[in-house]
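The values are calculated or read from the model by the stated rules, or taken from the named source; none is laboratory data. No experiment lies behind these values; they were computed from the predicted model shown. Counting neighbours? That spans all protein chains shown, and the Cβs are built from the backbone with ideal geometry, glycine included. We work out accessible area using only protein heavy atoms, side chains counted, and drop any ligands, DNA or RNA first. Shrake-Rupley method; radii C 1.70, N 1.55, O 1.52, S 1.80 Å.
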Amino acid sequence: MEQNTTTLIQDAKTNGMSYGTYRDLVDQMAAEGKSTGPNQTEALTNYTQLNSKRMKRWDKKIKIEEALAAKIAGIKKPITWLVLTESWCGDASPSLPVMQKIAELNPNLTLKVVLRDENLDLMNQFLTNNAMSIPKLIAVDDETESVIGEWGPRPSIATKMVVDYKAEHGTLTPEFKQDLQVWYNKNKGQNILEDLVELLPLK
């Protein structure tokens, strides 16, 4: 890993928010009719308000089976999950609550959230298909400061849905984005959970 990337990650880990602080920020932006980031539009405000409500629901509905929870609780290696996102990001609203539920199971797992548009140098080190797609999770081994995995911006099944839809229609429509949220609700975070567990040293 380049020294520049290492420094960027260290800075983001130091300055990153806890999940609780991020949730408070999203709620505050929603209440004030704003969004995070430099661009303030009615659409971004509406998405922020939607995400505030969605995350409240997701915080309550995520369930992790006992056997898997026990495995996660047994991880001995200190790991930070550093996540780039913004308040208006629709794919972040189901994903971050799942990340938090996992992190709550083990004090060796730390979840830190940073805003993409305040950390563009870091974001540009972790592009998805040359795009600044969020949420983007960077898994860091805290002992070696090395990146041990990446995830985002969507779980594997949702990613295939997006790729297939773009191949047929060229772009994502508002109707498709609504259908995607319906899928997230039906899946109950299980595909996100499955993907994220792959990043953990459970063996």
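Per-structure values
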{"item": "Magnitude of the charge dipole, region 1-68, Cβ model with Lys/Arg +1 and Asp/Glu -1, debye to 20", "result": "380 debye"}
{"item": "Dipole magnitude (debye, nearest 20) for region 140-203, charges at Cβ of Lys, Arg, Asp, Glu", "result": "440 debye"}
{"item": "FRET E, pair GLN28, ALA70, Förster distance 35 Å, beta-carbon r, rounded to 0.05", "result": "0.45"}
{"item": "Proximal lysines to LYS13, defined as alpha-carbon separation beneath 22 angstrom and excluding residues fewer than eight positions away on the same chain", "result": "LYS76, LYS77, LYS101, LYS112, LYS136"}
{"item": "Computed accessible area, THR80, all protein chains, 1.4 angstrom probe, square angstrom", "result": "10 Å²"}
{"item": "Cα-centre dipole for region 64-203 with unit charges at Cβ (Lys and Arg positive, Asp and Glu negative), debye to 20", "result": "280 debye"}
{"item": "Extension gain from LYS63 to SER18, taking 0.36 nm per residue of separation minus the Cα-Cα distance", "result": "14.1 nm"}
{"item": "Length added when fully stretched, GLU42-THR171, from 0.36 nm per residue minus Cα-Cα", "result": "44.3 nm"}
{"item": "Surface accessible to a 1.4 Å probe, MET161 within the full protein complex, Å²", "result": "60 Å²"}
{"item": "Environment charge at GLU150 (Cβ cut-off 14 Å; Lys +1, Arg +1, Asp -1, Glu -1)", "result": "-1"}
{"item": "Of all accessible heavy-atom area on the chain, the percent that carbon and sulfur account for (1.4 Å)", "result": "50 percent"}
{"item": "THR110 long-range amide H proximity, modeled H, under 5 Å", "result": "ILE79, THR80, TRP81"}
{"item": "Rough spin-label spacing in nm, given labels placed 7 Å along Cα→Cβ, for VAL182 and ASP141", "result": "4.5 nm"}
